[in-house]
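Structure first, commentary second.
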Amino acid sequence: MTTYETIVLDRKDHITTVTLNRPDKLNALNMQMAEELHAALAIEDQDDDCRVIVITGAGRGFCSGADLTGGPSAPRASNAPSLADAAFMAMQIEKPIIAAINGVAVGGGLTMTLHCDIRIASEEARFLLPFTKLSISAEIGSTYLLPRLIGFGKATELILTSKMIGAQEAGEIGLVNSVVPADELHQTAMEMAYTIAALPPMAVRLNKKGIRLGLGSELDSQRRYEELAASKLGQTDDAKEARLAFAEKRDPVYTGR
């Protein structure tokens, strides 16, 4: 497995854990981290041994947003990807991503989690979208995803007031799927990951794709996608194994084929 400077990867039982690893900066996002995250997730997305990805942060923070303390940015071409572009592209993969939010998730550190499929937060987590206060535009697709996740009113409130909220409120408004004690976060995220990893990998990927397509689709085209996905899945070895295991009253063993 490739070694990186700003993230740490570990894979076990078809689950890859990606740890944002700049704890002295509360895992603030810089271009190197975004590029390494992009490279690592692309590799994991193509590796059949990986079925689920868990993203978390080292130390007491998940990600404190863009690193604003590093001095002047290196020169880049006018058409080169920005930090927000790089972070956005990193998250666009087929396999499911679970965010295990262990501490502060600020700015881009929060908006990156909107691209995760499931978000589990520690009771110690805090959330902030400071864009308006900093006189910058909300980014990484947050103005598209956040209203669809928590509703127009709450999304507007969080972006326009730039106020910080705690984990409990984040759970109440649907920003995260669940909130757990800090010492149970890793176990809870891994239990969720193991549940998904035990299911047919192609069915997981195609159903994730269907849900994502549905964000901007209409009913007829969405139904066509479902029919195509059902036809493709019905021809897989895993579909045959599912039917056979049901008939034989045993647990299925899926191979991803």
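Determine, yes or no, whether D24 is out of contact with any helix residue (DSSP H, G or I) (no Cβ under 9 Å at 6 or more places or on another chain), assigned to a strand (DSSP E or B) and either within 22 Å of G256 (Cα to Cα) or modelled with pLDDT of 95 or more (or both). Working first, answer last.
Working: out of contact with any helix residue (DSSP H, G or I) (no Cβ under 9 Å at 6 or more places or on another chain): yes; assigned to a strand (DSSP E or B): no; either within 22 Å of G256 (Cα to Cα) or modelled with pLDDT of 95 or more (or both): yes.
Against the criterion (out of contact with any helix residue (DSSP H, G or I) (no Cβ under 9 Å at 6 or more places or on another chain), assigned to a strand (DSSP E or B) and either within 22 Å of G256 (Cα to Cα) or modelled with pLDDT of 95 or more (or both)), D24 does not qualify.
Say we look at region 1-48 and pick out the residues that are buried (at least 20 other Cβ atoms within 10 Å of the Cβ) and of a type in the set (G, A, S); which of these is farthest from T195 (Cα to Cα)?
Here the residue is A28.
For region 156-198, enumerate the residues that are in a helix (DSSP H, G or I), of a type in the set (S, T, N, Q) and within 19 Å of the chain's Cα centre (by Cα).
Q187, T188, T195
So that you can scan it fast, the table gives a plain yes or no per residue for (1) of a type outside the set (S, T, N, Q); (2) crowded, with 18+ Cβ neighbours inside 10 Å:
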site: N102; (1), (2): no, yes
site: H115; (1), (2): yes, yes
site: S137; (1), (2): no, no
site: S142; (1), (2): no, yes
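Hey, can you tell me all the residues within region 165-198 that are among the polar types (S, T, N, Q) and either touching a Pro at 6+ places or on another chain (Cβ under 7 Å) or free of Cβ contacts under 8 Å to residues at least 40 places away in the same chain (or both)?
Taking region 165-198 and keeping what is among the polar types (S, T, N, Q), we get 168, 177-178, 187-188, 195.
Residues satisfying the conditions are Q187, T195.
I'd like to verify a number: residues in region 213-243 that are out of contact with any Pro (no Cβ under 8 Å at 6 or more places or on another chain) and either under 15 Å from T255 (Cβ atoms) or in the same structural domain as D117 (by TED's automatic domain parsing) (or both), how many?
4
The values are calculated or read from the model by the stated rules, or taken from the named source; none is laboratory data. What you see is a predicted model, and the numbers here were worked out from it, not measured in a lab. Using ideal geometry, Cβ is built from the backbone for each residue, glycine included, and neighbour counts are taken over all protein chains shown.
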